[in-house]
1. Among the numbered criteria (1) buried (at least 21 other Cβ atoms within 10 Å of the Cβ); (2) among the small types (G, A, S); (3) over 28 Å from I174 (Cβ atoms), which one does A263 miss?
2. Quick test for you: out of R50, R26, R9, pick the one residue that is charged (D, E, K, R), within 19 Å of the chain's Cα centre (by Cα) and either part of a loop (DSSP other than H, G, I, E, B) or not assigned by TED's automatic domain parsing to the domain that holds L247 (or both).
3. Among the numbered criteria (1) over 27 Å from E213 (Cβ atoms); (2) surrounded by 12 or more Cβ atoms within 10 Å (Cβ to Cβ); (3) modelled with pLDDT under 95, which one does A368 miss?
4. What pairs come up if the first residue lies in the stretch 15-43 and is over 24 Å from E264 (Cβ atoms) and without any contact (Cβ under 8 Å) to a residue 40 or more places away in the chain, the second is aromatic (F, W, Y) and part of a helix (DSSP H, G or I), and their beta carbons are under 9 Å apart, counting only those six or more places apart or on different chains?
5. Pick from the stretch 253-304 the residues that are of a type in the set (D, E, K, R) and in contact with a helix residue (DSSP H, G or I) (Cβ under 7 Å, 6 or more places away or on another chain): which of them is farthest from I332 (Cα to Cα)?
6. Run Q333 past the list (1) in contact with a Lys or Arg (Cβ under 8 Å, 6 or more places away or on another chain); (2) closer than 27 Å to Q212 by Cβ; (3) not in a helix (DSSP H, G or I) and report the number of the one that doesn't hold.
7. Inspect the stretch 118-128 for any residue being touching a Gly at 6+ places or on another chain (Cβ under 7 Å) and either within 28 Å of V71 (Cα to Cα) or not in a strand (DSSP E or B) (or both) and give the result as yes or no.
Amino acid sequence: MNERIFGQRSGFKVTPVSIGAMRFPRDVNDAIALIRHAIDSGCRYIDTSRGYGESEWILGEALQDGYRDKVILSTKCAPWITKIQPDDAPTADCVRRRLEESMRRLRVDYLDFYQVWNIDSREHFEQATAKGGMVDGILKARDEGLIGHTGFTTHDSVDNLLSYMDHIDWCEVILFTYNLLNRRYAPAIAEAHKRGIGTIIMNPVGGGRLAQESPVLLDLAQRTGAETVPELAVRFLLSHSTIDTILCGMQKKQDVDDTIVAAEKGAFSTEQMTEINQFLNAIDEKKADYCTACRYCLPCPENIDIPAVMNAVFDHRAWGLEESAKQAYAKIQGPKADVCRKCGVCEQKCTQHLAIMDAMDYAVENLAE
């Protein structure tokens, strides 16, 4: 795989496919073999976390025998995600304890990156960057030579992220969600790239949703020169000049091999990307005219979670994601569409003037067991 600049700030280069270390095989020997296969295949950057179960321990084993020198190793923590001890807090002292613990688990004396895990609100951003907060602790560890670089991962709003950009001189990389199904972070990704911050993408195949059969997306893939929907998803991301690398969540060798093969096929042409974006924009327009989850339709007299049903129906109708739509529908708590008695109260309150009762019929016919 050809290397890309990993943001101007970090000074690293990175291959387009990197290792997401959240979902390794249960068998430790299988996991070690898989990690080494990915590294031998060209993957350099590894993203793990103190909160990913035994991931750090497994990586510590896999990176023996010279493999540590072949990778850019990153881990992270946040007390609002995982408290290792009951008194964990977003402070410099706490992050130092967690950092040193991660180094022991990873069996290393140096980390290339240590990051703030999931800044998902202004409150958590302010806690992390306050005087004596997590960032201060990470920068002190950097000054002492324990780590080389830092950044953060995020699920925050785009508006918040754009407002942070003038205040994150310390940040060298950011991990975003971005894929065919969710393009809302595009402005924040572009701004980070413009400022020399490395951009990493998680969930490139939508948490597995883009690996399932979808006649709608398969037609788009074949019209744009991709053989499969996962290939379409990977090449779509790597066709963005603002994206440096994507994380491959690995459970088996084929996950690695298929992702690398897709990456090596290269970016889509300008014409192909135009067709893909036109398709996605049309989906977005449908979504804008569909359920916005404003919840004005609630409460339903029968206690149906109408927005949840509507979203499952949209995935089935618009995206052709039949399996995940059925799974999402099955997970809805409480009464479902089959108890709808067509009272029409929801449609009277709906700000989009949607045909909710028709959607309930669709759910019963296509999503119910």
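The values are calculated or read from the model by the stated rules, or taken from the named source; none is laboratory data. This one's a predicted model, so the numbers in the text were calculated from it and none came from an experiment. Here the Cβ is made from the backbone with ideal geometry for all residues, glycine too, and neighbour counts use every protein chain on show.
1. Against the list (1) buried (at least 21 other Cβ atoms within 10 Å of the Cβ); (2) among the small types (G, A, S); (3) over 28 Å from I174 (Cβ atoms), A263 comes up short only on (3).
2. R50
3. Of the numbered conditions (1) over 27 Å from E213 (Cβ atoms); (2) surrounded by 12 or more Cβ atoms within 10 Å (Cβ to Cβ); (3) modelled with pLDDT under 95, the odd one out for A368 is (1).
4. What qualifies is V28/W57.
5. K265
6. Exception for Q333: condition (1).
7. In the first step, residues of the stretch 118-128 are kept if they are touching a Gly at 6+ places or on another chain (Cβ under 7 Å); the result is 127.
Cutting the leftovers down to either within 28 Å of V71 (Cα to Cα) or not in a strand (DSSP E or B) (or both) gives us 127.
Taking every residue of the stretch 118-128 in turn, at least one turns out to be touching a Gly at 6+ places or on another chain (Cβ under 7 Å) and either within 28 Å of V71 (Cα to Cα) or not in a strand (DSSP E or B) (or both).
Residues checked against (1) within 23 Å of Q327 (Cα to Cα); (2) among the acidic types (D, E); (3) surrounded by fewer than 19 Cβ atoms within 10 Å (Cβ to Cβ); (4) under 23 Å from the mean Cα position of the chain (by Cα):
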{"site": "Q251", "(1), (2), (3), (4)": "yes, no, yes, yes"}
{"site": "D255", "(1), (2), (3), (4)": "yes, yes, no, yes"}
{"site": "S269", "(1), (2), (3), (4)": "no, no, yes, no"}
{"site": "E275", "(1), (2), (3), (4)": "no, yes, yes, no"}
{"site": "Y290", "(1), (2), (3), (4)": "yes, no, yes, no"}
{"site": "Y296", "(1), (2), (3), (4)": "no, no, yes, no"}
{"site": "N311", "(1), (2), (3), (4)": "yes, no, no, yes"}
